[in-house]
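Report on the structure given below.
The values are calculated or read from the model by the stated rules, or taken from the named source; none is laboratory data. In this text, all values refer to a predicted model and were calculated from it rather than measured experimentally. With ideal geometry, Cβ positions are generated from the backbone for all residues, glycine too; neighbour counts draw on all protein chains shown. What goes into the accessible areas is simple: the full protein's heavy atoms, side chains included, and nothing from ligands, DNA or RNA. Shrake-Rupley method; radii C 1.70, N 1.55, O 1.52, S 1.80 Å.
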Amino acid sequence: MSNYHIKHFEEYFQVYRKSVRNPEMFWEEIAEEHFAWRKKWDQVLSWDFTKPEIKWFEGAQLNITENCLDRHLRTKGDKTAILFEPNDPRDPAEHISYKELHERVCKFANVLKQNGIGKGDRVCIYLPMIPELAISVLACARIGAVHSVVFAGFSSAALSTRINDCDAKLVLTSDGSYRGSKTIDLKGIVDEALTDCPRVETVLVAKRINSEIIMVEGRDRWLQPLLDQSSSDCAPEIMEAEDPLFILYTSGSTGMPKGMLHTTAGYMVYTAYTFKNVFQYKQDDVYWCTADIGWITGHSYIVYGPLLNGATTLMFEGVPSYPDFGRFWEIIQKHQVNQFYTAPTAIRALAKHGTELVDKYDLSSLKVLGSVGEPINEEAWHWYNDNVGKKRSPIVDTWWQTETGGIMITPIPFSTPTKPTYATLPFIGIQPSLMDENGQEIKGNQVSGRLCIKFPWPSIARTIWGNHQRYKDTYFSAFTNKYFTGDGALRDEVGYYRITGRVDDVIIVSGHNLGTAPIEDAINEHPAVAESAIVGFPHDIKGSALYGYITLKDTGEGRDHNNVRKEINQLITERIGPIAKLDKIQFTPGLPKTRSGKIMRRILRKIASNDTSNLGDTSTLLNPEVVEEIMENVL
Ligand code: WTA
């Protein structure tokens, strides 16, 4: 029996049992049957969570793009691989077949080579959601270069930090991007970022909005003429299983963003296998994930997972609100989308506009609905289920992380009975455990704790680029011999998991992970600010929004507080990006601290969330009077 495609609930249990009883044998079988290898592995798995060191399929040789492209050419050459839907609905959609995608990736790969990029070099990609983004990702993989995509909503400062951290010598960007009715000057942002990046030698620029931009002589080159002259013949670089595939940055609770490093073979096997089963993709289906390729969801479930399965993956350039809030539904109708994967924040934003715009379109092609990025609240779940899925399409609430590479806890549609707000059961091969604060595993059902994973899975990130110690400290030190996710979860009476949210200082705003420390650093740069603390509070659409408690020097008297508020948000926009702006700013005479000087965020969180009936233990507070004052003036 092939275990590649799970079709019913009993089969899930059977395969799950097999995958945890003998993981090596299980994954070997999956890898053996469904991928093209240049050389098979010597060892399926070796691991040690104390070092930590994890290796899958060691000794194997392959190229992931050969699996995404070449091997489909014979049977699916003319099938649409990427279906590009542009920002403006009046512009035609573009159907890129597997044959054409293969050709364009090869050409792009040759351009990279001609510009001095080879195996192991890092390439930073700062592009909007246009085909060149997916193509450049694959072109890097074709020649063994390590791609590091930076979401094109990040500021120049955030971009330069990431370029320098991974030491990229080439940057890909465009003359600008469309975002609804607006355009964004991406090239200008890159130019500013590069004033701090002395090691970048080349910038290749795609033309998208035809704006006037400055091309720096000797550094910047237009992409299209280079592609036109380049050969479409590019043999794949043969990679070792554990060779780096990409770096993707994610926010930590403190300090620099973490450059999560994913490697080749394990990532390939796991993203392909999860895609097939979580979306129950069948030949001729049209699959659409609304994420940006700048996030892990786009890497694994717009590019790699779908293409590894020979799927048609829709790539949307625009936003859900342009030209109106019916755009998603219009696209589903237009392209007869079968699987639709989006974030709770988008669902909430669209639900706010009522059902009229949804009802206008024929959504009967939909078979499976997905949710990702943050807990989905009950109201949003039902709205999605009733109005989009018409109670016919199962919702897969998929829990996972940049670090996990692929989906970890999820229903399998048409197999696992769903339950609103529950990610339900671990995917095949995943062994979750809930831990208490003393490091003990909590067994049994109807319990809650910190979510850990006990055993490696093929697509776990292997390290933090340039900082293995931080990788160890962040993920493998809180609980012995376990990967700690940073999330809290509960397990209900039948063993279903519900993710309750972060237990660290990461706040998820509209599905974007934000660390409080870099935001506070940005705020503290303001000359009038003495100190600040950021917490999350519940928000109707964003899930969580940011609340800033800010203490000004000299109590700020005589200053226009509204101006300071604006300046602070401006600083945050420059240092991180507009996604990290504060919704509420309260000026306070001080921040509640413990006797050892630590800010008591727990209290600030409760106040911001209007949950002050029980503030918990305040006996260790150095300055209880500040808490009173803050509560009186809460926004
Ligand atoms: C949260 C996104 C509840 C969680 C793929 C996790 C979720 C963080 C869910 C990772 C979900 C993601 N239910 N919470 N279905 N999916 N999260 O790295 O806190 O951008 O740790 O990866 O998002 O976010 P990241």
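Descriptive notes on the structure:
- Residue check, V529 closer than 26 Å to G373 by Cα, of a type in the set (A, V, I, L, M, F, W, C) and in contact with a Ser or Thr (Cβ under 9 Å, 6 or more places away or on another chain): no
- Of the candidates T418, T404, the single residue that is open to solvent by less than 20 Å² (accessible area, probe 1.4 Å) and within 14 Å of the ligand (Cβ to nearest atom) is T404.
- Leading residue by the ranking (least open to solvent (accessible area, probe 1.4 Å)) among those in the range 477-519 that are at pLDDT 95 or above and more than 16 Å from the ligand (Cβ to nearest atom): G495
- Scanning the range 600-618 for residues that are assigned to a loop (DSSP other than H, G, I, E, B) and either open to solvent by less than 80 Å² (accessible area, probe 1.4 Å) or in contact with a Cys (Cβ under 8 Å, 6 or more places away or on another chain) (or both) returns M600, S609, D611, T612, L615, G616, T618.
To keep it simple, each residue is scored yes or no on (1) at pLDDT 95 or above; (2) surrounded by fewer than 20 Cβ atoms within 10 Å (Cβ to Cβ); (3) of a type outside the set (S, T, N, Q).
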residue: G153; (1), (2), (3): no, yes, yes
residue: A168; (1), (2), (3): yes, no, yes
residue: S177; (1), (2), (3): yes, no, no
residue: L186; (1), (2), (3): yes, no, yes
residue: A193; (1), (2), (3): yes, no, yes
residue: V205; (1), (2), (3): yes, no, yes
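- So G354, is it of a type in the set (G, A, S), under 25 Å from Y422 (Cα atoms) and within 13 Å of the ligand (Cβ to nearest atom): no
- Residues in the range 382-401 that are more than 8 Å from the ligand (Cβ to nearest atom) and within 17 Å of Q280 (Cα to Cα): G389, R392, S393, P394, I395, V396.
- Test for E379: is it within 16 Å of the ligand (Cβ to nearest atom) and open to solvent by 20 Å² or more (accessible area, probe 1.4 Å): yes
- Residues considered: L635, L582. Of these, the only one that is surrounded by fewer than 14 Cβ atoms within 10 Å (Cβ to Cβ), hydrophobic (A, V, I, L, M, F, W, C) and part of a loop (DSSP other than H, G, I, E, B) is L635.
- For the range 427-454, a residue qualifies if it is at pLDDT 95 or above, assigned to a loop (DSSP other than H, G, I, E, B) and among the acidic types (D, E), and exactly one does: D436.
- The residues of the range 94-123 that are of a type in the set (G, A, S), touching a residue at least 60 places away in the same chain (Cβ under 8 Å) and crowded, with 16+ Cβ neighbours inside 10 Å amount to a single one, A109.
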